[in-house]
1. All but one of (1) under 21 Å from VAL147 (Cβ atoms); (2) open to solvent by 20 Å² or more (accessible area, probe 1.4 Å); (3) of a type outside the set (Gly, Ala, Ser); (4) out of contact with any Pro (no Cβ under 9 Å at 6 or more places or on another chain) hold for PRO49; state the number of the condition that does not hold.
2. How many residues, within the stretch 107-120, are touching a residue at least 12 places away in the same chain (Cβ under 8 Å) and open to solvent by 30 Å² or more (accessible area, probe 1.4 Å)?
3. I need the full set of residues from the stretch 199-231 which are more than 12 Å from the ligand (Cβ to nearest atom), open to solvent by 30 Å² or more (accessible area, probe 1.4 Å) and assigned to a loop (DSSP other than H, G, I, E, B), in order please.
4. Inspect the stretch 178-198 for any residue being of a type in the set (Gly, Ala, Ser) and in a helix (DSSP H, G or I) and give the result as yes or no.
5. Which residues, taken from the stretch 96-106, are open to solvent by less than 70 Å² (accessible area, probe 1.4 Å) and either within 16 Å of the ligand (Cβ to nearest atom) or of a type outside the set (D, E, K, R) (or both)?
6. Please determine whether any residue of the stretch 30-38 is more than 20 Å from the chain's Cα centre (by Cα), more than 8 Å from the ligand (Cβ to nearest atom) and farther than 22 Å from PRO166 by Cα.
7. When you scan the stretch 148-159, how many residues do you find that are in a strand (DSSP E or B) and crowded, with 19+ Cβ neighbours inside 10 Å?
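The values are calculated or read from the model by the stated rules, or taken from the named source; none is laboratory data. Since the model is a prediction, treat every value here as computed from it, not as a measurement. Glycine gets a Cβ as well: all are built from the backbone with ideal geometry, and neighbour counts include every protein chain shown. Each accessible area value is taken on the protein alone, full model and side chains, heavy atoms only, with ligands, DNA and RNA left out. Shrake-Rupley method; radii C 1.70, N 1.55, O 1.52, S 1.80 Å.
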Amino acid sequence: MDSGIQQLKKWVEESNNIVFFGGAGVSTESGIPDFRSVDGLYSQKWRYPPETILSRSFFDRDPEEYYRFHREKLVIENVKPNSAHIRLAQLEREGKLNAVVTQNIDGLHQAAGSKNVLELHGSILRAYCSKCRKIYPAELINHGNGVPRCGCGGVIRPDIVLYEEPLDESVLTAAIDCIRKADVLIVGGTSLNVYPAAGLINYYKGNKLALVNLSETPFDSYADLVIHEKIGQVFSQL
Ligand code: CNA
C-alpha cells in the first residue's frame with residue numbers, strides 16, 4: 001500500500017472525530033462528470049460556460065436554456081454511490097466520522113447511507129417555487145420539457161445554490177463548527193477553486209489535514225498529507 005494511504009489509514013483508525021469535505025471529484029467514479037477535469041463539464045461544448053448557465057441572473061433571464069442544461073448535464077440517470085461514498089457512510093456508522101460537508105448536489109452520500117450530510121450547494125433532488133416557495137417533487141424539474149411552473153405562476157426551481165446566490169447560513173455555520181472541532185479533516189475530490197466553500201479549510205485547527213485529489217490544488221502546500229490518486233480507490237483501502 002502507498003505510504004500516503006497507509007498514513008491516512010492510521011489517522012482514521014486512531015480518530016473518532018473525522019470530518020470529510022468534498023466536491024465533484026467524489027462522484028466522478030460514479031459516472032458524474034466534474035467541472036474542471038479534462039473530461040469535465042468545462043471542456044464540453046455548450047453555448048455558455050456552466051458558471052454562466054448556473055447563475056441566478058441567467059436562471060431568471062432564460063429559464064428555458066437553464067432547464068435544457070439542467071436536464072442534459074446535471075441529471076444523470078442510474079448513478080450509484082462508489083467506494084468513497086460507501087466507506088464514508090460506514091465510518092459514520094462506526095462512530096468515527098462526524099459529518100460529510102459536500103459541494104455536491106447529487107445526493108449520493110445520502111444514497112450510500114450517510115446521515116449527517118451538510119450540502120453547501122443544495123441538492124437537485126429537491127425543488128420549490130421561486131415565488132411562493134411551495135415544495136415540489138424533484139421529478140418535475142429533472143424530467144420532462146420546458147420550464148416547470150407553480151400554480152401561483154412562479155418558476156419552480158431546484159434547491160441548489162446558483163452562482164451569485166449566498167450559501168444557506170445554517171448549513172454554513174454547521175459546516176464551520178464541525179470543521180473547527182475536527183481532529184482529522186479529509187478534503188477530497190475538489191479543486192478548491194469555488195468560494196466561499198474552499199475557504200472552509202481555514203477553520204481547521206488540527207494537524208491532520210489530508211488532501212485526496214487527482215490534480216494539484218492551491219491548498220497542497222498547506223496540507224499535512226497529500227494523495228494524488230482516485231478517491232474511490234483510496235477509500236476502498238481505508
Ligand atoms: P471541480 O472544480 O470540478 O473539481 C473537481 C476536482 O476533483 C478536480 O480537481 C479533479 O482533479 C478532482 N477529481 C476528479 N475525479 C477525481 C477522483 N476520482 N478522485 C480524486 N479527485 C478527483 O469541482 P468542485 O467540487 O471543486 O467545484 C465545486 C462546484 C462543482 C460545486 O458548486 C458543485 O456543485 C459542482 N459540481 C457538482 C457535481 C456533483 O454534484 N456531482 C458535479 C459537477 C459539478
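1. Of everything listed in (1) under 21 Å from VAL147 (Cβ atoms); (2) open to solvent by 20 Å² or more (accessible area, probe 1.4 Å); (3) of a type outside the set (Gly, Ala, Ser); (4) out of contact with any Pro (no Cβ under 9 Å at 6 or more places or on another chain), PRO49 misses just condition (1).
2. Number satisfying all stated conditions: 3.
3. LYS205, GLY206, ASN207, LYS208, ASP224
4. yes
5. LEU97, ALA99, VAL100, VAL101, THR102, GLN103, ASN104, ILE105, ASP106
6. No, every residue in the stretch 30-38 fails to be more than 20 Å from the chain's Cα centre (by Cα), more than 8 Å from the ligand (Cβ to nearest atom) and farther than 22 Å from PRO166 by Cα.
7. 4
Results for (1) under 24 Å from LEU167 (Cβ atoms); (2) at pLDDT below 95; (3) within 16 Å of the ligand (Cβ to nearest atom); (4) out of contact with any His (no Cβ under 6 Å at 6 or more places or on another chain), shown as yes or no for each residue.
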residue: MET1; (1), (2), (3), (4): no, yes, no, yes
residue: TRP11; (1), (2), (3), (4): no, no, no, yes
residue: GLY22; (1), (2), (3), (4): yes, no, yes, yes
residue: PHE59; (1), (2), (3), (4): yes, no, yes, yes
residue: GLU72; (1), (2), (3), (4): no, yes, yes, yes
